[in-house]
Amino acid sequence: MKRYGFTIGLIGSFILSGVAHYVGAPVFSSTVQFLIASLAIIFVAGFLGKATESVAHYAGERMGGFLNATFGNAAELIIAFFLVKDGMFDVVKASITGSIIGNMLLVLGLSVLIGGLKYKEQRFNVKLAGHSASLMMLAVIALFIPASFARSFTKMETANLSIIVSVILIIAYLLWLFFSMVTHKNELSDEVVEHGEPAWSKGTSVLFLIVATVMVGFDSEWLVGTLESFSHQYGLSELFVGAFLIAIVGNAAEHSAAIIMARKNKMGAAFEIAVGSSLQISLFVAPVLVLVSFFFGKTMDLVFTSFELVAIGVAAFIAKSISQDGTTTWYEGVLLLVVYLILGIAFFLV
């Protein structure tokens, strides 16, 4: 019954979102369109998370975590692509900020809290946590440098620096994948925990993964189309809309996948989904968007606001502090969520 309920919600919300988008006002106001599109994306992200978990059963633990992070980021990447195409660079940077802090604080926090309520203490590979923390520091440094030098540079020089830094970060991320999945695969893997039965067969899982990604693409475009009028109507800043509303909706896939893993006492997989997703956003997705904007004719720089830089730095610091011993308890999840709540209030009041 639960499965049928989810399927009905998935198909119904997706169709309704499409109808609301194409019919538009006055039948569907911008607020109604935004809410329906957000609801549809949450259902689609849940479908995406379930499909990636099923694929992970066949691909293995390490690759499974990577696939969960990658396809879980499909919503953010596709949403950001359309925003870049429309030249809404401030919203893109805010959504990148929101994705990074959302994964490190909200997704990881909920996973640690919910998993910790079932298990007194959960463990994961401390070496993986250490390397992930170092990479997150690299991402913070890479974002601080363009912002620090921007005042002394012309717009062209800032754009050129952003492109160069983006290429370097992409290379660094690809080398990290080679390091963690090939040369040091065994050292960074967790103990193998028995999987339950997968939801679907291997072929069906891959097919549903593709279908879910396509659905995310359509619904992301519909959601982006409502943003400007929705934020103006309620007087919300682009920073808050991008950093929290879009990020929370877009992170729905990571929420479901990471929490499911944590509840199964697979904290290593949950950690990799949450923190690995933040790393992917900062070291790969953001640089790719810079390069995409360059080919669109107007380059998006990597100059983030002081608010965004502080938020990313704080999130990286608290996540590193909590994960450095390779164990988590439910109260550490509370700490992560408290930091996220404080940042959310601050961004709302900006």
The chain, Gaussian network, Cα under 10 Å: of 100, 281, 145, the residue fluctuating most is 145
Looks like the stretch 1-145, by Cα gyration tensor root eigenvalues a ≥ b ≥ c and the a/c under 1.5 rounded cutoff (else prolate when a/b is bigger than b/c, oblate otherwise), is oblate
Computed for the chain: size of charge dipole around the Cα centre, +1 on C-beta of each Lys and Arg, -1 on C-beta of each Asp and Glu, debye to nearest 20, value 340
Sorted on mean Cβ neighbours within 10 Å (highest first), peptides 91-97, 330-336, 79-85 come out as 91-97, 79-85, 330-336
For the chain, whose charge dipole is built from +1 on Lys and Arg Cβ atoms and -1 on Asp and Glu Cβ atoms, the candidate among 313, 109, 203 with its Cα farthest towards the positive end is 203
For the stretch 152-296, the percent of accessible surface on carbon and sulfur atoms (probe 1.4 angstrom, ligands and nucleic acids excluded) is 67
Among 83, 124, 32, the residue whose Cα sits farthest towards the positive end of the charge dipole of the chain, when +1 is placed on the Cβ of each Lys and Arg and -1 on the Cβ of each Asp and Glu, is 124
With a Förster distance of 35 angstrom and the Cβ-Cβ distance between residue 310 and residue 234, calculated FRET efficiency to the nearest 0.05 equals 0.90
For residue 298, the lysines lying under 29 Å Cα to Cα, once residues fewer than eight places off in the same chain are dropped, come out as 85, 93, 155
Out of 273, 210, 260, a Gaussian network model of the chain with alpha-carbon springs under 10 Å gives the largest mean-square fluctuation to 210
With Cα springs under 10 Å, the Gaussian network model of the chain assigns the largest mean-square fluctuation among 223, 143, 177 to 177
With +1 at each Lys and Arg Cβ and -1 at each Asp and Glu Cβ, the charge dipole magnitude of the stretch 149-292 around its Cα centre, to the nearest 20 debye, comes out at 160
Reduced to Cα centres, the span from the stretch 87-124 to the stretch 134-161 in Å works out to 24
If unit charges are put on Cβ atoms (+1 for Lys and Arg, -1 for Asp and Glu) and the dipole of the chain is taken about its Cα centre, the option from 98, 225, 149 lying farthest towards the positive end turns out to be 98
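With a 1.4 Å probe and all protein chains left in place, how much accessible area per residue does the chain have, in Å²?
Here the residues of the chain average 45 Å² of exposed surface.
Using the beta-carbon distance between residue 156 and residue 263 and R0 = 56 Å, what value does 1/(1 + (r/R0)^6) give for FRET efficiency, to the nearest 0.05? Intermediate results must be reported in sequence, preceding the final value.
On the way: r = 51 Å, r/R0 = 0.91.
Rounded to the nearest 0.05, the efficiency is 0.65.
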In terms of the alpha carbon gyration tensor, root eigenvalues a ≥ b ≥ c, rounded if a/c is under 1.5 and otherwise prolate when a/b exceeds b/c or oblate, the stretch 153-305 is oblate
Excluding residues fewer than 8 positions from residue 264 in its own chain, the lysines with Cα under 16 Å of it are 50, 118, 120
Mean Cβ-within-10 Å packing, highest first, puts peptides 314-326, 149-161, 37-49, 103-115 in the order 103-115, 37-49, 314-326, 149-161
The alpha-carbon pair-distance distribution computed for the chain, with 20 angstrom bins and whole-percent values, is 31, 60, 9, 0
Taking a ≥ b ≥ c as the square roots of the eigenvalues of the Cα gyration tensor, with a/c under 1.5 meaning rounded and otherwise prolate when a/b exceeds b/c and oblate if not, the stretch 266-350 is oblate
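The values are calculated or read from the model by the stated rules, or taken from the named source; none is laboratory data. Note that this is a predicted model, so its numbers are computed, not measured. Here the Cβ is made from the backbone with ideal geometry for all residues, glycine too, and neighbour counts use every protein chain on show. Heavy atoms of the whole protein, side chains included, go into the accessibility calculation; ligands, DNA and RNA do not. Shrake-Rupley method; radii C 1.70, N 1.55, O 1.52, S 1.80 Å.
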